[in-house]
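Worksheet for the structure shown next.
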Amino acid sequence: MQEVNELPLERQKEIVAEKWPEALTEEKAEEKRLLPPLPNAEKYPKVVTRFSPNPDFVLHLGSARAIILCYDYAKMYNGLFYLRFEDTDSKTKKPKLEFYDAVRDDLEWLGCDWDAEFIQSDRLQIYYEHAEEILRNGNAYVCICKREDFQEKVKASQSCPCRELSADENLLRWNRMLDGTYGEGEAVVRIKTEVNHSNPAVRDWPALRIIDTEKYPHPRVGTKYRVWPLYNFSTGIDDHLMGITHIIRGKEHLTNQARQEYMYQYFGWDYPETIHYGRLKITGASLSKSEIVKGINSGEYKHWDDPRLATLAALRKRGITSEAIHSLMIDVGPKPADVVLSWKNLYAHNRKIIDPIANRYFFVRDPIRLIVNNVPRVFTAQIPLHPDYPERGYRSFDVKPDNGEATFLVSKDDLNIMESKLVIRFMELFNFQVKKAEETLVQATFLSESYEEAKKLGAPLIHWIPHDRGVPCEVTLPDASVAKGVAEEACRALNPDEIIQFERFGFVRVDEVNEKLIVYFAHR
RNA sequence: GCUCCGGUAGUAUAGUCCGGUUAAGUAUUUCGGCCUUUCGAGCCGAAGACCCGGGUUCGAAUCCCGGCCGGAGCACCA
């Protein structure tokens, strides 16, 4: 070994090439990106993951990361994926009935079907039983200290008087929590840890507290319970009871693992495997629930599907497919480093998916009239719905000149082309020569029909529609502004949710088809 | 302030655990070219990165130490 290592690298390579040539043959299996293997997956008979949202708002791109990671890993190992609503705070993060279904809808849209569903507000008895057990065993206590007093003690690595209470006294206090002797904020169950744990945030963490449910009724169970578990208690118990083998969540939960491990030790349980992925951001859009809600309340955003937001509802409305989100998330993976996504990345994934399916149509934004004279005859243009799939059929346009004069609508965006280029071709129609280009009207003369000639002349190709046909169309852009114009007649046959491409404009999702066509812009 | 976690091209990611077949691979972006009756798609090509400084080693993106930068937690929220 020593001997070999002292040889120059070149010589080492030569020797390997002589003796074991197969070691040098490159294998190039160019496959799709896969998730890295799950830690210790083989340790468990069946991998079980869970997505556990608080139903207090709709899901967004950040939630999609948790969902897709959990779902895909479960599928990858032939395991189970659960949905668990964590609705244990009817006061500061109050769940709303409408969001339970909204979350389910989002999950279905993402194509992540869950094998079982749990709702924590149905499981209070379970938490109570475990609370009693842990109190009985002396591993927790009911603390009635003032919050500030407790925090001071903890900061100084000191224990509070309640910590020294006997199990019986704690059980007595526990019953007073349940029966209403203690009011909201007057008592809390704490799990014992080292009072001098290196991370002060871990020390004697709170497990259950009282909520005045007369004042803050729970949307599902109303005033039935007044003692409610905190995150680490309910989640910790559920993860074990439900047999979750792999917890995949954001790294903001890292210290929660340290906290929960105390409880697991007291109950004699093994803590599941964990993956804590980093923060996910996307440029220019907040993924913070509270900020989004604030924006909606202030009227900055009309609704949680405002195109400026990265909620799943907003992305869906814009024609971003769940497949695109899926492959983006696989691309990003589960690593702990923070990521700042760019919209262009999302668009690239989406474009790959929708380009083959989106049929093509003409949309003239900010239309201006263009009159061509000397048009020799009637023209009928047949333009394929998709250039790569002519078998899908055609849209046809009839151009009937009146006294040699035909009138079209073209986009104001193309005015600069008119001004600088004399010869222009209408796609799939004919070539003409611009005579006069003004803000409201362009005058032109028919030149020729052949595409070859347009090519030879280097004439730009622009899209068009006959002035007396078409459907008024509004395109909501990603910045929530609205582009107005006219879409070609064939668009009347479109259906909501179809994703199409307006040629030379971009991909859009059809939202409404009435007297007006309402669409949302996805990306170019 | 205390406690953690992280830093590979514009963006995302592979390689990092077990240092050497990789003078860092892939996707996207940008730019060129080809093709094309869309400024789309496709094809070809180019540009572009191991945070910094020490150390260990024949050899470090990979191991160790320090620094810098970024992020998270420090709620009777989840």
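Computed from the coordinates by the stated procedures, all read-outs in this text should not be read as laboratory data. As the structure is a computational prediction, the values presented were derived from the model and not from experiment. Please note: Cβ atoms are built from the backbone with ideal geometry, for glycine as well, and neighbour counts cover all protein chains shown.
Residue by residue, what Karplus-based ³J(HN,Hα) values in Hz, rounded to whole numbers, does the range A:241-247 have, using 6.51, -1.76 and 1.60 with θ = phi - 60° and x for Gly and Pro? Using θ = phi - 60°, the values come out as 4, 8, x, 5, 9, 9, 9 Hz.
Between the C-alpha center of the range A:85-137 and that of the range A:454-490 there is a gap of 49 Å. Here's the list of aspartates and glutamates a cross-link from A:LYS46 could span, going by alpha-carbon distance under 18 Å and ignoring same-chain residues fewer than 8 apart: A:ASP72, A:ASP113, A:ASP115, A:GLU117, A:ASP238, A:ASP239, A:ASP270, A:GLU273.
The amide H of A:TYR277, built 1.01 Å from its N in the peptide plane, has A:ARG249, A:GLY250, A:LYS251 as neighbours under 5 Å, considering only residues 5 or more places off or on other chains. Ranked for footprinting exposure by Cβ neighbours inside 10 Å, fewest first, A:PHE267, A:PHE362 give A:PHE267, A:PHE362. Taking only DSSP H segments of four or more residues, each worth -39500 (n - 2.57), what value at 222 nm results for chain A once the sum is divided by all its residues, to the nearest 500 deg cm²/dmol? Per the formula, -9000 deg cm²/dmol.
Take the Kirkwood radius over Cα pairs of the range A:123-229, plug it into Stokes-Einstein at 20 °C and 1.002 mPa s, and you get 151 µm²/s for translational diffusion. Near A:ARG360, the amide H atoms lying under 5 Å from its own belong to A:HIS386, A:GLN501; only residues 5 or more places off or on other chains count, and H is placed 1.01 Å from N.
Find the lysine pairs in the range A:123-229 meeting two conditions, Cα atoms under 23 Å apart and a separation of 8 or more places or different chains, and report how many there are.
6
On the principal axes of its alpha carbon atoms, chain A extends 103, 79, 39 Å, with the longest extent given first.
Counting other Cβ atoms within 10 Å, which trypsin sites (Lys or Arg not before Pro) in the range A:348-421 have at most 15 and lie in a DSSP loop?
A:ARG377
Counting only residues at least eight positions apart within a chain, or on another chain, the lysines with an alpha carbon under 29 Å from that of A:LYS484 are A:LYS302, A:LYS317, A:LYS344, A:LYS352, A:LYS400, A:LYS412, A:LYS421, A:LYS435, A:LYS436, A:LYS516. Could you work out how far the C-alpha centroid of the range A:243-274 sits from that of the range A:394-428, in angstrom? When both Cα centres are located, 66 Å separates them. With bins 10 Å wide beginning at 0, the percent of Cα pairs of the range A:280-354 falling in each bin runs 18, 49, 28, 5. Our summary of shape: the Cα atoms of the range A:372-524 have principal axis extents of 41, 36, 29 Å, ordered from largest down, in whole angstrom.
Taking every DSSP bridge with both residues inside chain A, close to 65 percent are antiparallel.
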